[in-house]
Every structure is written in structure tokens, then in C-alpha cells.
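One structure is given below, encoded as C-alpha cells.
What follows is calculated from the coordinates using simple rules that are stated; it is not laboratory data. Keep in mind it's a predicted model, so treat the numbers as computed, not measured. Backbone-built Cβ (ideal geometry, glycine too); neighbour counts: all protein chains shown.
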Amino acid sequence: MKNTLFALSLAAITPALAAESQSCSALLDLEVRRLASDERVNLCQAYAGKVILIVNTASKCGFTSQYAGLEALYHKYKERGLVVLGFPSNDFANQEPGAETEIQNFCRLTYSVEFPMFEKVSVKRGNAAPLFERLAAAGAPYPKWNFYKYLIDRHGNFIDHYISTTAPDSTKIMKKIEELLIAP
């Protein structure tokens with residue numbers, strides 16, 4: 001009897017697990033490390049079904065104040081399924097020279113950042129972290145400066161990108177996020 005119940009339970013779980021693994025897009029099927037931590041996060045598992053805004057960030061940039069707008073965007077839409085993912089990078093004019101603990105403290109203390117932040121990475125072509133390589137393979141440009149934004153739909157598909165000068169609360173970004181949040 002126990003073996004029969006176990007087999008039935010396993011049979012019920014296996015298709016669900018198979019469907020879950022098949023629903024992960026190649027773009028997000030990777031692990032990244034949380035900022036100033038050893039914890040690794042699989043983007044598919046952690047953010048399945050979410051609308052995602054990926055941003056390459058820097059603490060000493062003319063666009064650094066966008067942290068406030070990104071945090072406001074995250075708070076406004078997180079209950080509806082948006083997540084903002086920050087990836088610090090020192091690729092442009094040495095504007096993120098600090099260690100990860102310094103970056104984390106700066107983000108929390110200066111801008112009260114609560115959206116997920118991940119390891120400091122390179123985003124430039126030829127040396128980009130796997131996520132940014134995958135974004136490029138999906139049709140996105142490599143960042144040309146800090147605070148490039150990449151919008152991903154609930155199915156893990158690259159939808160659009162926004163250059164540094166596009167503020168997080170711009171009509172263009174907000175309208176597209178709202179469209180994606182109501183889409184199945």
C-alpha cells in the first residue's frame with residue numbers, strides 16, 4: 001500500500017516537475033550569486049512567472065539616482081508580479097570600484113534598495129557575464145553605459161531594452177510593464 005501511494009505521488013509530481021523545467025527559458029536558466037553573499041540563485045526557479053527588469057548599476061554614476069526610481073517601481077508593482085534585478089558593474093569609467101559589501105551598504109543606506117541585487121559583473125561584449133551574453137543573443141544590445149534596463153516577460157522572453165537616459169518611471173517603461181503584468 002505504501003509503495004502504491006508513493007508511486008502515485010511520484011507519478012503526479014513528475015509531470016509537474018518536467019513541465020516546470022521545460023517552462024524555463026534559456027535566457028534565465030542560470031545561477032547567479034547574490035550581492036555580498038555565497039548564496040546562489042537560479043533565476044528560473046526564483047522568478048518563474050514574474051515580469052523582470054534587469055539593470056546594470058553603478059554607485060558613482062550620473063544615473064545612480066535611478067536607484068530611487070527602480071526601488072519605487074519595484075514597490076509599486078511587486079505585488080502584481082514585477083521584480084527588478086540589479087547587477088553592479090565597473091565596466092564604465094570605474095564608476096563601481098567598491099567591494100560588494102560596500103555596494104550593498106551604499107544601496108541600502110542611500111536608496112533603501114530592497115529589490116534583489118546580485119554579484120558585481122562585467123557587461124561589455126567579449127567579457128560579459130552569462131546573463132548579459134544571453135540577453136545579447138536574444139537581440140538586446142550590450143550596455144553602452146550604466147543603468148541600461150532589460151524587460152523580460154513572464155515566460156522569460158526578452159521584450160525590450162531602455163538606455164541609461166530612460167528613467168525607471170518613464171511612460172515608455174511603465175506602460176510596457178503594465179501591459180506585461182496583465183498578459184497571461
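Here are a few things to note about the model shown:
- In this structure the amide hydrogen of Asp160, modeled in the peptide plane, comes within under 5 Å of the amide hydrogens of Leu151, none closer than 5 places in sequence on its chain.
- Angle in degrees between helix 171-182 and the longest Cα principal axis of the chain, rounded to the nearest 10: 10
- Here the Gaussian network model covers the chain, with springs between Cα atoms less than 10 Å apart; of Lys50, Lys76, Lys60, Lys76 fluctuates the most.
- Residue-by-residue Karplus 3J(HN,Hα) for segment 100-108, coefficients 6.51, -1.76, 1.60, Hz, glycine and proline x: 4, 5, 5, 4, 4, 4, 4, 4, 6
- Cut-off under 5 Å, modelled amide H: who pairs with Val41 long-range: Val32, Arg33, Arg34
- Angle in degrees between helix 2-22 and the longest Cα principal axis of the chain, rounded to the nearest 10: 30
- Here the 3J(HN,Hα) profile of segment 154-159, calculated from phi with Karplus coefficients 6.51, -1.76 and 1.60 at θ = phi - 60°, is 4, 9, x, 9, 5, 10 Hz, Gly and Pro shown as x.
- Separation in nanometres of the label points that stand 7 Å from Cα toward Cβ, at Arg33 and Ser170: 3.3
- Computed on the chain, with alpha-carbon pairs under 8 angstrom and 6+ residues apart, the relative contact order is 27 percent.
- Put simply, the amide H of Leu85, placed in the peptide plane, has neighbours under 5 Å in Leu53, Ile54, Val55, leaving out anything fewer than 5 places away on its chain.
- Principal axis dimensions, segment 86-184 - Cα atoms, whole angstrom, descending: 39, 33, 23
- Taking the Cα centre of the chain as origin and assigning +1 to Lys and Arg Cβ atoms and -1 to Asp and Glu Cβ atoms, the resulting dipole is close to 220 debye.
- HN-Hα J in Hz across segment 25-31 - Karplus 6.51, -1.76, 1.60, θ = phi - 60°, x for Gly and Pro: 6, 4, 4, 9, 7, 7, 9
- Looking at segment 34-184 alone, DSSP beta bridges between its own residues are antiparallel in about 55 percent of cases.
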